[in-house]
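Novice: Encoded as structure tokens, here's the structure I'll be asking about.
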Amino acid sequence: MIARQEACIIGIVNAMAITLTGDLDLDPQTSDPELAKLIAEASDAFAPSQAELAAEIGVRPLALTTWRNGRSRPTAAHLLGMAKALEGRSERLMKLAVRLNARAAAQGRLSRRSRRATSPDLRTARLLALRMVAAGQGSVERIVFYGSRARGTGSPASDWDFIIVLRDGAGDVEAREALFRSAAVGREGSGERTAAGDALRVDAWVLEKAEWESARKLHGHPVRTAEQEGVALYGA
């Protein structure tokens, strides 16, 4: 029975360890008392002291030492007490693992993400987004920068891809997309280039707010993928 309980705990601890060693990507200077408390609880549950385990069984720590060294044998009641302690710790570890997984998911770092846009690309993307916001004259709800440049895998020939979510109806979608493209590149699109010398080729995908909210909930939908892989530059 003890062996089964130990195997259960090993499995839970391994799962928790994977979560703890994931790419949380936190700023070491950021204070987060709630997360610190959670990590402390997980650490204590992972490695209880001999005194704590003895207290749960109802014996003195010296008794555990003699059992471990084979100098004495626990009674059946002691073995049952140890099994109960392991069962309780298993439940605690499981609850902690669930909390850790939820926290990791909330931070968006449950699994390693692909590379993000480089700083020059992000600076350019923010500039283009600001131009499109101004052109929208209060109608823009959100702008998401997505595609290869947002992932940090773009080439000089790659487009600058944006989703523009409008608060009200999009009206003539093609006309609105043309307006935002023109506003983004500036100077009537006459060959403006990035700091790296790349030509600006902007693709603006206009969506109504209701359409955006619906599409982002659908697994496999390109809007959902764009939001997960992209960078929200406005209205996040």
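Novice: Need the failing condition index for Ser43 against (1) in a helix (DSSP H, G or I); (2) modelled with pLDDT of 75 or more; (3) surrounded by fewer than 16 Cβ atoms within 10 Å (Cβ to Cβ), just the number.
Specialist: Of the numbered conditions (1) in a helix (DSSP H, G or I); (2) modelled with pLDDT of 75 or more; (3) surrounded by fewer than 16 Cβ atoms within 10 Å (Cβ to Cβ), the odd one out for Ser43 is (2).
Novice: Looking for whichever is at pLDDT 75 or above, in contact with a helix residue (DSSP H, G or I) (Cβ under 9 Å, 6 or more places away or on another chain) and of a type outside the set (S, T, N, Q) here; the options are Gly154, Gly88. Which one fits? Let's see the steps before the verdict.
Specialist: Details: Gly88 fails: at pLDDT 75 or above.
Every option except Gly154 fails the conditions.
The values are calculated or read from the model by the stated rules, or taken from the named source; none is laboratory data. The structure presented is a predicted model; accordingly, all values stated were derived computationally and were not measured. When we count neighbours, we look across all protein chains shown, and the Cβ atoms used for this are built from the backbone with ideal geometry, even at glycine.
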